[in-house]
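All remarks here apply to the structure that follows.
The values are calculated or read from the model by the stated rules, or taken from the named source; none is laboratory data. Quick caveat: nothing in here was measured; it's all calculated off a predicted structure. All Cβ positions, even for glycine, are placed from backbone atoms using ideal geometry, and neighbour counts span all protein chains on display.
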Amino acid sequence: MLQSWLRGMRMYFYMIGVSIRTQLQYRYAFVMNILGWAMTYAGTAITMWVLLYSFGAIEGWSFWELLFLFALSVLSWGVCVVFFFHFRTLDQFIVQGTFDRFLVRPIHPFFHFMAMKFDVGAFGQFLFSIVAMVIAYKKLNLHWNVWLWLVFLGAVIGGTLIQGGLLIAISAMAFWTTRSERVYWVVMWPAKSLMNYPLSIYPRAVQVLVTFVMPFAFVNYLPALLLLGKTSGIYPPYWGFFSILVGVIFFWLCFQLWMLGLNRYNSAGS
Amino acid sequence: MIGTLKMYGVFTRKSFQRAAAYRFDAWTRILGNVITLFLWGFIWYALYRGKGSVGNVSFHSMLSYILISQALQGIHGAGTPLWEIQERVRTGDIAIELLKPYDYPLRMLFTDFGSIFFYFLTAVLPLYTAIFLIISPIMPTTFSQGVLFILSATLGYFIRYCIELTFGLFTFWLVETGGVEDIFYFSISLFSGSVVPLWFFPNWLEHVALYLPFQGIYFVPNSIFVGQLSGQALLIALFTQVVWLAVCYALLRYVWARASMKIVIQGG
């Protein structure tokens, strides 16, 4: 058991090494990819700034608090992109029949598919989110103690698992419907942008949905309440501690869904 | 002349049928559109809470602005997206277009008409009719206001089409387009007034936006729709749209003429 795990890990690192080298082949594309993502997120931040220019605050959240909330989700999304972003393209492999090759290798198909790419473009997300967070931390005069740093770390890990889980769930859809990439761009991308703003602005039904069904609330809103020392009428303040736990459970559920789909998989034929 | 029009009409019909065959795509797209509408509706609701009107704009007109903006964005979104144009240039598929006896930018326009028509009839029209009946937003009250809105929205459509295709054709020189498309998407989301109308911009930024072509895409038609733009200001805005359309069209033609002289096919 342990030995096969170690072997798997070795193979994983070997494969991502190859993936990184392929991406570094095209220097210009590599740099522009990173800058492009950083600019996209900066664009959203500018839109937020413009919004709050005339209105001052949204539900008691100032621009810097809002920027922090947004950057926290972008940071864990960045980690998620590194490992799981290419799961959205599973439909292409199924439609073209190239998915079969993941089944005939002596490595777990999920692991193999995950090892296919190590997306270095995510450094754009890191660039934006870290710069934005440092500025927000300074502007808001925050001084976190050890516990709050642990909450922060938990939010990043938990957020990665939650968003990664969703990507895996969407990719699992491809086993049944042979669609995943489009579903990601037209449904999950807009749905994900819901959490760029404090959840308290949405009706109760949506809040319940993003807390208990698609637990986006644990990615940034609930930890941010703790980290920024804010209170919300609805959520108990300590819920932000549970990001990791929620992340692990949700990821496991999504992984089970993916495996269920995998067992159902029929090759594209001929 | 009529023969040419018939030929382009075939592209519209084919693309309509194609869209009908891939209904699933249209319906997932409308889901994304509604989620975005929902998001911005509640953002504005939260921003306005406890405030009557901000800068002479009430929440009700803002809601109407977002509604019509999202409906227009739905229509625009059914056309060929930027990445698809880039992909065609990058893979060299565009070379085949040059062999055919038609004008590529015009052919693309008519192809887009087909998919947009299908999407409009089956998704945007029924959905937004229902939403409009439920919410009863501010609508054009006079016939002329309605006509001017449709005229302005049409001009906006052509402006967006010219800009998007021009950006797509830049791929001829760049091959790798990261960065260029991000500039495009950022401008189209902020400066077009698609989610935040220009009247809420800080003064200096509003001036920047007013000197750019993007405001003609959503901001002008939306403002006409909710009645924020009327009288002489409306005519000036329409005239600006016409000027920008002429400029963008000339630019598209220039870029296309240069691009078709400079085909580089990867690996060919």
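Of the helices (runs of 4 or more DSSP H) lying entirely inside the stretch B:137-232, the ones with 1 or more residues being surrounded by fewer than 20 Cβ atoms within 10 Å (Cβ to Cβ), among the polar types (S, T, N, Q) and within 14 Å of chain A (Cβ to nearest Cβ) are found at B:180-190, B:203-210. Just one residue in the set A:VAL134, A:VAL156 is more than 14 Å from the chain's Cα centre (by Cα) and either at pLDDT below 90 or β-branched (Val, Ile, Thr) (or both); that residue is A:VAL134. Taking residues in the stretch B:20-38 that are more than 9 Å from chain A (Cβ to nearest Cβ), and partners anywhere that are surrounded by 13 or more Cβ atoms within 10 Å (Cβ to Cβ) and not in a helix (DSSP H, G or I), the pairs with Cβ atoms closer than 8 Å and at least 6 places apart or on different chains are B:ALA26/B:ALA78. Restricted to the stretch A:138-213, the set of helices (runs of 4 or more DSSP H) holding at least 1 residues that are farther than 27 Å from B:PHE38 by Cα and within 14 Å of chain B (Cβ to nearest Cβ) comprises A:146-177.
So for the stretch B:194-201 (the condition being over 30 Å from A:ASN33 (Cβ atoms) and under 14 Å from the mean Cα position of the chain (by Cα)), does at least one residue qualify? The answer is no; no qualifying residue exists. Residues in the stretch A:217-237 that are in a helix (DSSP H, G or I) and over 20 Å from A:GLY60 (Cβ atoms): 1 in all. Only a single criterion out of (1) surrounded by 16 or more Cβ atoms within 10 Å (Cβ to Cβ); (2) more than 30 Å from A:LEU228 (Cα to Cα); (3) not charged (D, E, K, R) is not satisfied by A:LEU66, namely (2).
The set of residues in the stretch B:42-74 being within 22 Å of A:TRP185 (Cα to Cα) and within 10 Å of chain A (Cβ to nearest Cβ) consists of B:PHE42, B:ILE43.
Of all residues being of a type in the set (Val, Ile, Thr) and without any contact (Cβ under 8 Å) to a residue 24 or more places away in the chain in the stretch A:184-210, which is surrounded by the most Cβ atoms within 10 Å (Cβ to Cβ)? Just the residue, please. Looking at the filtered set, the residue picked out is A:VAL186.
If we only count helices (runs of 4 or more DSSP H) wholly inside the stretch A:24-137, which ones have 2 or more residues that are within 14 Å of chain B (Cβ to nearest Cβ) and polar (S, T, N, Q)? The helices (runs of 4 or more DSSP H) meeting that bar are A:27-55. Farther than 19 Å from B:ARG29 by Cα and exposed (fewer than 15 other Cβ atoms within 10 Å of the Cβ) - does that describe any residue in the stretch B:58-80? No: the stretch B:58-80 contains no residue that is farther than 19 Å from B:ARG29 by Cα and exposed (fewer than 15 other Cβ atoms within 10 Å of the Cβ). Does A:ILE34 satisfy being modelled with pLDDT of 90 or more, out of contact with any strand residue (DSSP E or B) (no Cβ under 9 Å at 6 or more places or on another chain) and not charged (D, E, K, R)? Here the answer is no, as A:ILE34 does not meet what is asked.
Of the residues B:ARG90, B:ARG29, the single one that is in a helix (DSSP H, G or I), under 18 Å from the mean Cα position of the chain (by Cα) and basic (Lys, Arg) is B:ARG29.
Among residues of the stretch A:114-142 that are farther than 17 Å from A:PHE83 by Cα, those with a beta-carbon under 8 Å from a residue that is among the acidic types (Asp, Glu) and in a helix (DSSP H, G or I) at least six positions away or on a different chain give the pairs A:ALA136/A:GLU65; A:LEU140/A:GLU65.
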